[in-house]
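See below for the structure under consideration.
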Amino acid sequence: YPLVEEAVNSLGWVVSRDEKQTDWDLFWTDTSVSEERVMRLKRFQKINHFAGMNILARKVGMAKVLRRMGLKLPEHFSFMPQTWLLPSEASELKMQSRKQEQKWLIVKPDNGSQGKGIFLTDDSDKACCVSPAGVAQEYIERPFLIDGEDEGEEAGEVCGCVEGGEAGEGKGRSDT
């Protein structure tokens, strides 16, 4: 990412693309990270992913996790829009849309990012054409309503960082 490289350069850090190198502070990657790699992190080293995050980064995996959590803690998951896993739940989606007044759906490919492949439709047949996999969700016009209140900028995602177990000092390096 050019912005990451620009930020690293502005700090005077050295950019390296050698993935075998171990002397770095920040490792920026577009791929998933193994548990083994995370366990080898030194205390000062940071990485932009965590082991196993691909299950949450994929829309189908995240929908399955949220669905399970909703069954266990329904009082905490009332925010979750109705979601269909595609293509496996395409017939349920089509049947539901015939029973109810047609609602808008937001359709997302399983492994897309940055809005690529996402579309809105009021046609369940079009929604079911996502290939090879994805989700269709009931479209919510004002998604930042929490308990009926507009939370504005207070609503957001919180991400932690993964730290290794070895103490050490930063070296001013970044592998991007």
Which residues, counting only those in the range 114-130, are under 19 Å from the mean Cα position of the chain (by Cα) and part of a loop (DSSP other than H, G, I, E, B)? Q114, G115, K116, G117, I118, V130
Please enumerate the residues belonging to the range 50-83 that are more than 18 Å from V130 (Cβ to Cβ) and either among the β-branched types (V, I, T) or not in a helix (DSSP H, G or I) (or both). F50, A51, G52, M53, I55, V65, L73, F77, S78, F79, M80
State the number of residues belonging to the range 102-120 that are farther than 26 Å from Y1 by Cβ and surrounded by fewer than 17 Cβ atoms within 10 Å (Cβ to Cβ). 4
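Conditions tested, residue by residue: (1) in the same structural domain as D125 (by TED's automatic domain parsing); (2) assigned to a loop (DSSP other than H, G, I, E, B); (3) touching a Leu at 6+ places or on another chain (Cβ under 6 Å); (4) touching a residue at least 60 places away in the same chain (Cβ under 8 Å).
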| site | (1), (2), (3), (4) |
| --- | --- |
| V8 | no, no, no, yes |
| G12 | no, yes, no, yes |
| D18 | no, yes, no, yes |
| L85 | yes, no, no, no |
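Being assigned to a helix (DSSP H, G or I) and either modelled with pLDDT under 90 or of a type in the set (A, V, I, L, M) (or both) is the requirement here; does V38 meet it?
Values: assigned to a helix (DSSP H, G or I): yes; either modelled with pLDDT under 90 or of a type in the set (A, V, I, L, M) (or both): yes.
Criteria met by V38.
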Restricting attention to the range 20-35, the residues that are free of Cβ contacts under 8 Å to residues at least 40 places away in the same chain and either assigned to a strand (DSSP E or B) or over 20 Å from the mean Cα position of the chain (by Cα) (or both) number exactly 2
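The values are calculated or read from the model by the stated rules, or taken from the named source; none is laboratory data. All values derive from a computational prediction rather than experimental measurement. Cβ: placed from backbone, ideal geometry, glycine included. Neighbour counts: every protein chain shown.
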